[in-house]
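First comes the structure, then the notes that go with it.
Where a number appears in this text, it was derived from the coordinates with a stated rule and is not lab data. Please read these numbers as outputs of a predicted model, since none were measured by experiment. Glycine also receives a Cβ, built like all others from the backbone with ideal geometry; neighbour counts cover every protein chain displayed.
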Amino acid sequence: MSRAKNPTPETERWFPNSMPAPMVDHHTLPFWEACSEHRLTVQRCTACNHAQHPPAPICSACRGNDFEQAEVSGKGTLYTYTAVHQPITYEEKLPFIIAVVELDVSGTGCANSVRMMTNIVDADDGDLRIGQAVVIAWEKVSDSVSIPRFKLDGLSLQQ
Ligand SMILES: [Zn+2]
């Protein structure tokens, strides 16, 4: 495959348009707005700095209800994963990977690490190992919706 004619796009598509769109509500809107700007954020409690994802109305550590969105680096480690061989929707490439990624929150002021359910793209399940380094891969669905997926971090593979 020649890449010269088709330079690497800013974002790629890994899932078909027939996938359900994210459900957005008052609590998740700041997260999805940041995603549309390709910034990955977690909800951080202003009272105790507890970080959580997905966004929720109440801090699970102190029951506070005032939050900021803390921007994280987009790096993380593979906490767990599974390969899905049954399609959710038509035109879906199989198998695909559902994963939980532990996000690197260093330098964010967050009091704890955060795990995010996501997908690992551009990798076969045989390539994956728990604890591998991963990095964000944005999937732009529209001008207002981008979804955070993850890829294996190429730098760590060379070690
Ligand atoms: Zn709190």
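A few points about this structure:
- Top-ranked residue in the stretch 61-73 [being surrounded by fewer than 18 Cβ atoms within 10 Å (Cβ to Cβ) and more than 8 Å from the ligand (Cβ to nearest atom); ranked as farthest from residue 33 (Cα to Cα)]: 65
- Identification of strands (runs of 3 or more DSSP E) wholly contained in the stretch 91-159 with 2 or more residues that are under 15 Å from residue 42 (Cα atoms) and of a type outside the set (D, E, K, R) yields 96-103, 114-120, 146-152.
- Residue in the stretch 67-90 that is touching a strand residue (DSSP E or B) at 6+ places or on another chain (Cβ under 8 Å) and farther than 29 Å from residue 154 by Cα present: yes
- Restricting the stretch 27-45 to residues that are farther than 16 Å from residue 139 by Cβ and in contact (Cβ under 8 Å) with a residue 12 or more places away in the chain leaves a set whose member that is nearest to the ligand (Cβ to nearest atom) is 45.
- Residues that are within 13 Å of the ligand (Cβ to nearest atom) and touching a residue at least 40 places away in the same chain (Cβ under 8 Å) within the stretch 46-60 comprise 48, 49, 50, 51, 52, listed in sequence order.
- Subset tally (residues that are more than 21 Å from residue 37 (Cα to Cα) and either surrounded by 12 or more Cβ atoms within 10 Å (Cβ to Cβ) or within 16 Å of the ligand (Cβ to nearest atom) (or both)) for the stretch 83-109: 13
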